[in-house]
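*Asks:* Before I ask anything, here is the structure I am working with.
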Amino acid sequence: MIKSMTGFGRSEVYEGERKFIVEIKAVNHRYLDFFIKIPKKLGFFEAAIRNELKNHIQRGKVEVYVGYEDLTEATLCVKYNQEVAAEYIRHLKQMSEDFGLDYDIRTSTLSRYPEIISMEEQTACEEELWNHLSKAIADAVKQFIEARLKEGENLRDDLLSKLSKMRTNVDYISERAPKIVSEYHQKLTEKVKLLLEDAKVDEARLLTEVTIFAERTCLDEELVRLKSHIETTAETLNQGGNVGRKLDFLAQEMNREANTIMSKANDLDVTGYAIELKTEIEKIREQIQNLE
């Protein structure tokens, strides 16, 4: 099976008081490019997320959104900083002695001083967080891959249909090509007779001209290569896997052969079919850009 480079997957995982959200979406790109948006609290997992996704994605511009919520305030705790309080007390006592003031500090007053009493968020176990987050990632990746595979199958069917049209055009050109030389021979003979009137036609010279024309307009090699590229493309599509780069190369080669056929044909019918070939090849090249 082949995959499209476009896809989307989303997952929400609830684990006790925590909620993990993962969204993955991708569009076409020549290489693999990640953009990961992740909360600061989970920032240390970014490299692990990137490595996990590389196991499933080879090409595309991939955007990953990670959301994290605590559904209660249970993770907040009050912290008492004894060392800071001791420093305040030491300096307050010194101020009392230096200026002859009453030392009247109370606990309620001291607790209002900065950094003595603070609210802190308890850090969850890193391993536990990753277990839950990796589950959300796996679910989102599953949906993402399924979407890519479904789109990939649609693209494959469309490409195979276009290849079938190309076969029809190539078959016509293959049938038409030999007739071009014989028609040229006949036209040239008639033209020479018309010009020379009753004079004898030099058949040897005429045959030489026809032979040169035949060599110049021969399409055998181009048609053989084009047929081979078409069949290889179809086989590659049916084999599946990461075929985008290989198919892009084959499309370039098919376009090269079609250009040569069009330039050598010297026949309006063949030129018309060669133009249709190029049109289909261009459509194929555009679709191939969507494949991983």
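The values are calculated or read from the model by the stated rules, or taken from the named source; none is laboratory data. The model shown is predicted, which means the values in this text are computed figures rather than measured ones. Using ideal geometry, Cβ is built from the backbone for each residue, glycine included, and neighbour counts are taken over all protein chains shown.
*Asks:* Quick check on the stretch 49-73: of everything there that is basic (Lys, Arg) and without any contact (Cβ under 8 Å) to a residue 60 or more places away in the chain, which residue is nearest to Ile137 (Cα to Cα)? Steps first, please.
*Replies:* Taking the stretch 49-73 as the starting set, the residues that turn out to be basic (Lys, Arg) are 50, 54, 59, 61.
If we keep only those that are without any contact (Cβ under 8 Å) to a residue 60 or more places away in the chain too, we end up with 50, 54, 61.
Details: Arg50: 11, Lys54: 12, Lys61: 17 Å.
In this case the residue turns out to be Arg50.
*Asks:* With the condition being at pLDDT 90 or above and either of a type outside the set (Val, Ile, Thr) or in the same structural domain as Asn55 (by TED's automatic domain parsing) (or both), I'd like the helices (runs of 4 or more DSSP H) fully within the stretch 197-292 carrying at least 1 qualifying residues.
*Replies:* Working: elements: 203-217, 220-239, 244-264, 268-288.
Counting at least 1 such residues, we get 220-239, 244-264, 268-288.
*Asks:* Of the conditions (1) on the phi > 0 side of the Ramachandran plot; (2) touching a Gly at 6+ places or on another chain (Cβ under 8 Å), Gly240 satisfies every one except a single condition; which number is it?
*Replies:* It fails just one condition, (2).
*Asks:* Please go through the stretch 252-292 and pick out each residue that is basic (Lys, Arg) and surrounded by 21 or more Cβ atoms within 10 Å (Cβ to Cβ).
*Replies:* Within the stretch 252-292, the subset basic (Lys, Arg) is 256, 264, 278, 283, 285.
Scanning the stretch 252-292 gives no hits.
*Asks:* Another question about this same structure. Can you tell me which residues in the stretch 122-152 are outside any helix (DSSP H, G or I) and among the hydrophobic types (A, V, I, L, M, F, W, C)? Give the derivation first.
*Replies:* Of the stretch 122-152, the ones outside any helix (DSSP H, G or I) are 122-125.
Within the stretch 122-152, Ala124, Cys125 meet the criteria.
*Asks:* I've got another one for you. If you check Glu46 against the conditions, is it outside any strand (DSSP E or B), charged (D, E, K, R), without any contact (Cβ under 8 Å) to a residue 60 or more places away in the chain and over 30 Å from Thr236 (Cα atoms)?
*Replies:* The answer is yes for Glu46.
*Asks:* Residues in the stretch 66-76: is at least one of a type in the set (Val, Ile, Thr), modelled with pLDDT of 85 or more and under 60 Å from the mean Cα position of the chain (by Cα)? Quick ask: steps written out before the conclusion?
*Replies:* So the first thing to find is which residues in the stretch 66-76 are of a type in the set (Val, Ile, Thr), and the list is 66, 72, 75.
After this cut, where a residue has to be modelled with pLDDT of 85 or more as well, the list is 66.
So of that shortlist, the ones also under 60 Å from the mean Cα position of the chain (by Cα) come out as 66.
Within the stretch 66-76, one or more residues are of a type in the set (Val, Ile, Thr), modelled with pLDDT of 85 or more and under 60 Å from the mean Cα position of the chain (by Cα).
*Asks:* So which residues in the stretch 26-43 are outside any loop (DSSP other than H, G, I, E, B) and out of contact with any helix residue (DSSP H, G or I) (no Cβ under 8 Å at 6 or more places or on another chain)?
*Replies:* Looking only at the stretch 26-43, we keep the residues that are outside any loop (DSSP other than H, G, I, E, B), and these are 26-27, 32-37, 40-43.
Passing the criteria: Val27, Asp33, Phe35, Lys37, Lys40, Lys41, Gly43.
*Asks:* Could you grab me the full set of residues in the stretch 97-121 that are in a loop (DSSP other than H, G, I, E, B) and under 30 Å from Lys41 (Cβ atoms)?
*Replies:* The initial filter retains those residues of the stretch 97-121 that are in a loop (DSSP other than H, G, I, E, B), namely 100-106, 111-116.
If the condition is that a residue be in a loop (DSSP other than H, G, I, E, B) and under 30 Å from Lys41 (Cβ atoms), then Ser111, Arg112, Tyr113, Pro114, Glu115, Ile116 are the ones that fit.
*Asks:* Looking only at the stretch 246-281, how many residues end up being free of Cβ contacts under 8 Å to residues at least 12 places away in the same chain and basic (Lys, Arg)?
*Replies:* Of the residues in the stretch 246-281, 2 are free of Cβ contacts under 8 Å to residues at least 12 places away in the same chain and basic (Lys, Arg).
*Asks:* Right, another one. Please count how many residues of the stretch 1-43 are over 30 Å from Thr236 (Cβ atoms) and in contact with a Ser or Thr (Cβ under 6 Å, 6 or more places away or on another chain).
*Replies:* 2
*Asks:* Among the residues that make up the stretch 33-40, is at least one of them at pLDDT below 90 and either in the same structural domain as Lys135 (by TED's automatic domain parsing) or aliphatic (A, V, I, L, M) (or both)?
*Replies:* Here is the first cut: in the stretch 33-40, the ones at pLDDT below 90 are 40.
Okay, now just the ones that are also either in the same structural domain as Lys135 (by TED's automatic domain parsing) or aliphatic (A, V, I, L, M) (or both), so 40.
Among the residues of the stretch 33-40, at least one is at pLDDT below 90 and either in the same structural domain as Lys135 (by TED's automatic domain parsing) or aliphatic (A, V, I, L, M) (or both), which makes the answer yes.
*Asks:* If the Cβ limit is 7 Å and pairs must be 6+ apart or interchain, which residue in the stretch 165-177 that is within 17 Å of Glu221 (Cβ to Cβ) pairs with which residue that is aromatic (Phe, Trp, Tyr)?
*Replies:* Ile173/Tyr273
*Asks:* Now, a different point. Which condition breaks for Phe35 when tested against (1) free of Cβ contacts under 8 Å to residues at least 24 places away in the same chain; (2) among the hydrophobic types (A, V, I, L, M, F, W, C); (3) touching a Lys or Arg at 6+ places or on another chain (Cβ under 9 Å)?
*Replies:* (1)
*Asks:* Ok, one more. Could we say that Ile145 is in the same structural domain as Ile36 (by TED's automatic domain parsing) and out of contact with any Pro (no Cβ under 6 Å at 6 or more places or on another chain) here? Break it down into steps so the answer makes sense when it comes.
*Replies:* Values: in the same structural domain as Ile36 (by TED's automatic domain parsing): yes; out of contact with any Pro (no Cβ under 6 Å at 6 or more places or on another chain): yes.
When the stated conditions are applied, Ile145 passes them.
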